[in-house]
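Chemist: First, the structure itself, so that you have it in front of you.
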Amino acid sequence: MMKNKNVIDKIKKIIGNKNVLTSEWNKLPYSKGWRYGAGNALAVLKPGKLSDIWKILQICVEEDIIVIMQAANTGLTGGSTPFGNNYDRPILVLNTMRINSIHIINNGNQIVGLAGSTLYDLEKKLKPFDREPHSIIGSTSIGASIIGGICNNAGGSLVQRGPSYTEMALYARINKNGELELVNELYVNLGSSPEEILDNLQNKNYKKSDIQNTNKLGSDDKYSKIVRQINENTPARFNSDNRLLYGASGSAGKIAVFAVRLDTYLKPIKNKVFYIGSNDPDVFWKIRRDILSKFKTLPTLGDYLHRDCYDAAKKYSKDTFLVIERLGTMFLPTLFELKRKVDNIAKKT
């Protein structure tokens, strides 16, 4: 217990008392997932600087403490909270949402998203450039983080763009000698020491000439071809696909990601949504195969909705529908955050 207190005291000196949450009530929104996953954490940390994350990681490596990196804690992919209490060491949840800057580079064709940056903010930032982020529905509306998607190769219903992917990132890892090291694969000249690199990035203390041209990918450039191969024996997408494991991409919490560099997408001139219903699943099987094999342009996305899900949404989701209709999707992150707080208060009483 004394050792844990000393660790907490050290971290408080770095990020301040108010950004170290230790009471069970204050930790709850961060130690319990929206959908699933919950467990005990020694503390929840809310740093405001990338270099402070580095200092915290140094302490945790030295003291042999588990670190769970967390952004919006949407519960979409899991892994952003403790899962049960069968851990052999203390856990610190490191929430990055105070570090949410997004840098637009290369005339809007690429961005650099810092640790807590969200798809929701990215969509707004790209509007003046007539471009879009990788994902523009669902996860965007509830405030999901850019880096969370990359770490889990997210993007399940996206047909054209496929999984979230990049080969350009800035992250910390434990090397073969058990030492913490910073890996700069952003291809942006930011300095030499970890603190210098992290501070220069966060303060955008770099010039256009410091952004290197590279043949490293900022998106998955093969999925649109793979998804058309309908007669292959292998699935178009599956977990832990070696093709999509690179640095931060598919890392799933094994490293601490400070930033990623991603491609953006030209916004379509016109969008159209088709809703098709059938009592025969083979109808959808045939439609899917025809679209993937014969259509000149792939659909942006495709989703299935079982009749039971439709009935449940019709009965229980009227409030969400009315919010979107009257206030638009921009209010959804606020609505979900309010719901989380009400749920926590209700459980306490």
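Chemist: Mind listing whichever residues of region 80-119 are farther than 20 Å from Gly48 by Cβ and either in contact (Cβ under 8 Å) with a residue 60 or more places away in the chain or small (Gly, Ala, Ser) (or both)?
Modeler: Selection gives Gly84, Pro90, Ile105, Asn106, Gly108, Asn109, Gln110, Ile111.
Chemist: If you don't mind, another one. Please enumerate the residues belonging to region 174-210 that are basic (Lys, Arg) and closer than 18 Å to Val257 by Cα.
Modeler: Residue satisfying the conditions is Lys204 alone.
Chemist: Could I ask something else about it? Of these, Phe258, Phe284, Phe274, Phe331, which one is under 23 Å from Ser135 (Cα atoms) and either at pLDDT below 80 or part of a helix (DSSP H, G or I) (or both)?
Modeler: From the options Phe258, Phe284, Phe274, Phe331, the qualifying one is Phe331.
Chemist: Consider Ile68 carefully, then state whether it is surrounded by fewer than 18 Cβ atoms within 10 Å (Cβ to Cβ), in a strand (DSSP E or B) and out of contact with any His (no Cβ under 7 Å at 6 or more places or on another chain).
Modeler: Values: surrounded by fewer than 18 Cβ atoms within 10 Å (Cβ to Cβ): no; in a strand (DSSP E or B): yes; out of contact with any His (no Cβ under 7 Å at 6 or more places or on another chain): yes.
It is false that Ile68 is surrounded by fewer than 18 Cβ atoms within 10 Å (Cβ to Cβ), in a strand (DSSP E or B) and out of contact with any His (no Cβ under 7 Å at 6 or more places or on another chain).
Chemist: Is region 134-143 home to any residue that is surrounded by 14 or more Cβ atoms within 10 Å (Cβ to Cβ), within 16 Å of the chain's Cα centre (by Cα) and outside any loop (DSSP other than H, G, I, E, B)?
Modeler: no
Chemist: Here's another thing I want to ask about it. Identify the single condition in (1) surrounded by fewer than 20 Cβ atoms within 10 Å (Cβ to Cβ); (2) at pLDDT 95 or above; (3) not polar (S, T, N, Q) that Gly113 does not satisfy, given that it satisfies every other one.
Modeler: (1)
Chemist: Regarding Glu181, is this residue surrounded by fewer than 18 Cβ atoms within 10 Å (Cβ to Cβ) and not β-branched (Val, Ile, Thr)?
Modeler: yes
Chemist: Working only within region 225-261, note down all residues that are more than 22 Å from Ile197 (Cα to Cα) and among the hydroxyl-bearing types (Ser, Thr, Tyr).
Modeler: Those that are more than 22 Å from Ile197 (Cα to Cα) and among the hydroxyl-bearing types (Ser, Thr, Tyr): Thr234, Ser240.
Chemist: Here's something else I'd like to know. Which of the residues belonging to region 266-280 are exposed (fewer than 10 other Cβ atoms within 10 Å of the Cβ) and not β-branched (Val, Ile, Thr)? Full working, then the answer.
Modeler: Just the residues of region 266-280 that are exposed (fewer than 10 other Cβ atoms within 10 Å of the Cβ), to begin with: 269-280.
If the condition is that a residue be exposed (fewer than 10 other Cβ atoms within 10 Å of the Cβ) and not β-branched (Val, Ile, Thr), then Lys270, Asn271, Lys272, Phe274, Tyr275, Gly277, Ser278, Asn279, Asp280 are the ones that fit.
Chemist: Looking for whichever is within 14 Å of the chain's Cα centre (by Cα) and on the phi > 0 side of the Ramachandran plot here; the options are Gly79, Gly108. Which one fits?
Modeler: Gly79
Chemist: Then there is this: In region 30-65, how many residues are under 27 Å from Asp199 (Cβ atoms) and part of a helix (DSSP H, G or I)?
Modeler: Within region 30-65, residues that are under 27 Å from Asp199 (Cβ atoms) and part of a helix (DSSP H, G or I) number 15.
Chemist: Quick check on region 233-244: of everything there that is in a loop (DSSP other than H, G, I, E, B) and surrounded by 14 or more Cβ atoms within 10 Å (Cβ to Cβ), which residue is farthest from the chain's Cα centre (by Cα)?
Modeler: Out of the qualifying residues, it is Ala236.
The values are calculated or read from the model by the stated rules, or taken from the named source; none is laboratory data. Just so it is clear, the model here is predicted, and its values are computed rather than measured. We place every Cβ from the backbone using ideal geometry, glycine too, and count neighbours over all the protein chains shown.
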